[in-house]
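Read the structure below first, then the notes.
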Amino acid sequence: MWTQKIVKFVSKMQKKSTPRKYRSYDTEFKKNAVKLLESGRSVSSVAESLGIIEKNLYEWRKKYGDSSAHSLPLQEKVRSLEKELKIVKQERDILKKALSIFSRQI
């Protein structure tokens, strides 16, 4: 009686342990997917439209993405923000000094 249950259990486990089938994508497909990302679409929308998981897109973007195109505008943005911060700090310091001058006169 118990041997039949063991045999059934083992046969179920063998059926479940079939190897997974992974989909493989050619390089052109991957590069086109990355181009969709670089055009401004979100990772989730591209993944859904292509029927793939988001993790693949993140990996493909690291491998096939044009990192130099993104770094140049970012560097320019950082420089402009640093200049703006310097100006704002100077204005703040001037206002602090003016406040201390006017508060003494009262």
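Would you mind ranking 88, 34 so that the residue whose beta carbon has the fewest other beta carbons within 10 Å leads the list?
Least crowded to most crowded, the residues run 88, 34.
Please get the size of the charge dipole for region 23-65, origin at its Cα centre, with Cβ charges of +1 on Lys and Arg and -1 on Asp and Glu, quoted in debye to the nearest 20.
Rounded to the nearest 20 debye, it is 140 debye.
May I ask which of 21/62; 21/55; 35/55; 35/77; 62/83 have a Cα-Cα span longer than 27 Å here?
As for pairs spanning more than 27 Å Cα to Cα, those are 62/83.
Would you kindly state how much longer the chain becomes between residue 104 and residue 23 on full extension, computed as 0.36 nm times their sequence separation minus their alpha carbon distance, in nm to one decimal?
Between residue 104 and residue 23, full extension yields an extra 21.6 nm.
A short reminder: the numbers here are calculations on the coordinates, not readings from a lab. These numbers were taken from a predicted model, which means no experiment stands behind them. Backbone-built Cβ (ideal geometry, glycine too); neighbour counts: all protein chains shown.
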